[in-house]
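Below is one structure; the comments refer to it alone.
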Amino acid sequence: MTTKYMDAQLVEKRMSSRVRKNTGWKGLFFASTLFGLVVLAILLVRIFTQGMEYINIDFLMNHLSTDASRAGIMGAILGTAWLMVVVIPVTMIIGVGTAIYLELYAKKGKLQSFIATNISNLAGVPSIVYGLLGLTLFVRALEFGNVILAGGLTLSLLVLPIVIVAAQEALRAVPGQLSEASYGMGATKWQTVRRIILPAALPGILTGAILALSRAIGETAPLTVLGIPALLIPFPSGIFDTFTALPMQIYYWTIDSSLVAEYANLAAATIIVLLILLFLLNSIAILIRNKFQQRY
Amino acid sequence: MIKALIFLLFKEMEGGCRIMATSNKNRMSVSEMIEQQKKKRKFFNQLERLIPSLLLIIASISVLTTIGIVYTLFAESVAFFRNVPILDFFTGTILKPLSQNPEFGVLPLLNGTIISTVIAMLVAGPIGMMSAIYLSEYAPDNVRRVLKPLLEILAGVPTIVYGFFAFTFVTPLLRMIFPSIEATNILSPGIIMGVMIIPMIASLSEDAMSSVPNSIREGALALGSTKLETTFKVVIPAALSGIIASFVLGISRAIGETMIVAIASGSSKNFTFDITQSMQTMTAYIVEVAGGEAAAGTTIYYSLYAVAFTLFVFTLIMNLLAKYISRKFREEY
């Protein structure tokens, strides 16, 4: 080791151990990558084997019941559907509007960077904090009560940063030549935005919006804060009805499974329904991206 | 209302293109047509000038959200600290919100939060980091293209599903190894939280490592180092700011995670370091109290906001820290 010049023999001697070390670590790195996937596989297998036999027409269509053999999740499915009815238009309008402002209208300056920083900070706020905002603002101050509108608006605020960032990226990807050509034909700014830039960015915007939506319908924490009743309630039929949602149902059945063991299986069956819904949404997002994404 | 306005706007604009066709049918004189066009144009010009301010109003909703969060948390926390001295809150080791003589010490919750975060990071840190090294340095292109999206699925699973899994599968599994473990404990949600954070650390660290230019890598390889030596002595130091930032974001995510701990760690407010016992995190406390019958205006109701404010400040500091690290210490090539 103290030789001042390279010792060919020494280098050769250490070479094989260095190469072996490299191979060994490579195996470890690969195993780590697989670890997450193995856990995912166990989770899916476990939930499907536990819940699959409980999924049938009755389970999907029935009202909630304390009797595990008769309980159904139609109310939760409808609740989740109604939440989507609120979340989709609210996030689309506010999200795309904000993105258009930031990308196309705002002058580069303090205001624009302030709004952008604010959005990236909002993305890091824990979802439970949004729940408290929803409780204070929508349920209490605006006196909506714990209805679908309050839940939907809370979830909308939660996923808004995702939609904004996705829409910004989509708008940015539209090449400048397109809008310049539009201006060259005498179109005004808004005409260009509305007829040229937005249609070109639409697939990207939709993909982001669907991903945000799937985040929203899997979210539980904000809803637990809003005070969603675990009681048997009638099916919701409008945005001013109280409701339960799929993740809330999973939550109640899971924590009660220490009292009634069968509830755990019902929770697993509900998880399957939720996962299938999320899988469909994500497939649609990927489909849109592959089918309509234009390369310029 | 905004939606209706925008809808109206779109309809008006489309009307503008069709005017030639309709006017032809009605056999308008040329001067009439010119008059009408002028009117239309004036209307559009006004709209055109309105749109930036309309969009600014929409964009300011995100700012209003932040203000709303900070204001509600702060205002209600102030109400709480009128009943409970601020020092007692931050130094108290006993949390008994429902007893006759309620005590509101936040330390048991802080303790639960920190312990679950440490467990999660012990899982997610090394595994996420090693996954990132594999994906960035070792994996052939086609393998990476398969593995990366699969890993991202882990991040897309709703946290309630992880909570269910931790409670009904991991805890019974742990009981085979440690028979003394409680039915609700901090260890099992901690581990599962780590699994949830793996893809976040893996993909952010991978981004940081892949952005290290290849010329540097090739230089190290040309000097005779193995891939492992190149990774540890060249790539990782060069990407360190991004890697650390991903860890800090992972910590922030773990602090704010709610459903996994709310389900699998129970609601006992012990101030203990025994990870086989039930502990409550700040997030789980909020779920428990808000889900129960905390009437508005009571001290226990206000305690929600004081805890949430603490939580908010913690995660905000972590997020700002991550941003600062990745900006300040980035190596430019």
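No value in this document is a laboratory result; all are computed from the given coordinates. This is a predicted model, so every value here is computed, not measured. All Cβ positions, even for glycine, are placed from backbone atoms using ideal geometry, and neighbour counts span all protein chains on display.
Here are the numbers for the structure shown:
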quantity	calculated
Between 0 and 90°, nearest 10: helix B:141-156 axis offset from chain B longest Cα axis	80
Pairwise centroid distance, computed over Cα atoms, of the range A:22-48 with the range B:166-223, Å	10
Stretchable slack from A:L280 to A:A68, in nm (0.36 nm times residue separation minus alpha-carbon distance)	73.6 nm
Between helix B:30-83 and chain B: long-axis angle, C-alpha atoms, 0 to 90°, nearest 10	20
Ranking of B:M318, B:M176 by count of other Cβ atoms within 10 Å, fewest first	B:M176, B:M318
Fluctuation leader among A:S214, A:S258, A:S16 - chain A, Gaussian network, Cα springs under 10 angstrom	A:S16
Sequence ranges B:123-135, B:30-42, A:93-105, ranked by mean other-Cβ count within 10 angstrom, highest first	B:123-135, A:93-105, B:30-42
Global geometry of chain A, whether rounded, prolate or oblate, following the gyration tensor of its Cα atoms and the 1.5 cut on a/c	oblate
Alpha carbon centroid spacing (whole Å) that separates the range B:150-165 from the range A:235-265	19
Highest to lowest packing among A:247-254, B:106-113, A:173-180, scored as the average C-beta count within 10 Å	A:247-254, B:106-113, A:173-180
Average beta-carbon neighbours from other chains, 10 Å sphere, peptide A:11-22	2
Residue-averaged [θ]222 nm for the protein assembly as shown, counting only DSSP H segments that reach four residues, each worth -39500 (n - 2.57)	-24000 deg cm²/dmol
Residues B:R327 and B:V63, FRET efficiency given R0 of 35 Å [Cβ-Cβ distance, rounded to 0.05]	0.95
Chain lengthening between A:L259 and A:K110 when straightened (0.36 nm per residue, less Cα-Cα)	48.0 nm
On Cα atoms only, tilt of B:299-328 relative to the major axis of chain B in degrees	80
Estimated FRET transfer efficiency when R0 is 22 angstrom, pair B:L122-B:F273 (beta carbons, to 0.05)	0.90
At least 15 Å along the helix axis (C-alpha) and Kyte average at least 1.0, DSSP helices within chain A	A:74-100, A:148-172, A:198-218, A:262-292
Spacing of the two label points (7 Å from each Cα toward its C-beta) at B:L320 and B:V30, in nm	6.8
For peptides B:264-275, B:93-104, B:244-255, sequence by mean Cβ density within 10 Å, most packed first	B:244-255, B:264-275, B:93-104
Cβ neighbours within 10 Å from other chains - mean over A:86-93	1
Linear extension gain, A:S16 paired with A:M61, 0.36 nm per residue minus alpha-carbon span	9.6 nm
Sites B:L223 and B:E152, calculated FRET efficiency, Cβ-Cβ separation with R0 45 Å, nearest 0.05	0.80
Average beta-carbon neighbours from other chains, 10 Å sphere, peptide B:65-75	5
